[in-house]
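Right, one structure below, let's go through it.
The values are calculated or read from the model by the stated rules, or taken from the named source; none is laboratory data. What you see is a predicted model; the values in this text were computed from it and never measured. Every residue, glycine among them, receives a Cβ derived from its backbone with ideal geometry; neighbour counts consider all protein chains shown. For the accessible areas, the whole protein counts, side chains as well, though only heavy atoms, and no ligand, DNA or RNA atoms are used. Shrake-Rupley method; radii C 1.70, N 1.55, O 1.52, S 1.80 Å.
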Amino acid sequence: MLHPANILLLALSLILFPAKGRQKSSAPQQKKAAGQKATGHGKQQKGMATFYSKRSTGARTASGARLHHDSLVCAHRTHPFGTRLKVTNPRNGKSVIVKVIDRGPFRRGGIIDLSWRAAKEIDMINQGVAMVIVNVVKDEIHSPYKLREQKDSIEFDIETNDFYDSTVPVWQNSNISKAIFKRGQTQHKQ
């Protein structure tokens, strides 16, 4: 049984320190205050974008792929790997479609890290950091990444070499092995 002093202390702590559930409701308000809509598929995001330098080429990403500065890829915190995003620079209206292969950025206000080529496509190289609008691409028509059609069967292209008789391995063919053996003996005698 609880002591009356413990009950009073528990009641006082609940009043002074509200439950965590109330604090979670203010998080979306903070995101909207930063000029960013809630993340999710089909939603639009607006925020700051940066880009990987050319020196990052060859680095492993969170998806396991290697980064190349000329590829149209990006890093995003929440979208699944392989998601195609349309990134638009509202300052000049240019846009590019990129594929998510990494996680980040993990700094305040940043919503996306672009590859060097993607940043060049929307003219943000000189700025370094730019305000962008990010949308999820739903259709495959405008995407630079075409999905390959899968075939039901595997095709093999087998070629034969007419130089040797393919039914008998070279080491078992007595004529060829004798010729090689004789050639080796004549080279040692000289």
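One table, with the values for the structure above:
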| quantity | calculated |
| --- | --- |
| So residue 18, is it in a loop (DSSP other than H, G, I, E, B) and either modelled with pLDDT of 75 or more or surrounded by 13 or more Cβ atoms within 10 Å (Cβ to Cβ) (or both) | no |
| Residue 143 over 13 Å from residue 49 (Cβ atoms), at pLDDT below 65 and open to solvent by less than 40 Å² (accessible area, probe 1.4 Å) | yes |
| Scope region 46-91; condition open to solvent by 30 Å² or more (accessible area, probe 1.4 Å), in a loop (DSSP other than H, G, I, E, B) and either closer than 15 Å to residue 110 by Cα or aromatic (Phe, Trp, Tyr) (or both); matching residues | 52, 77, 78, 81 |
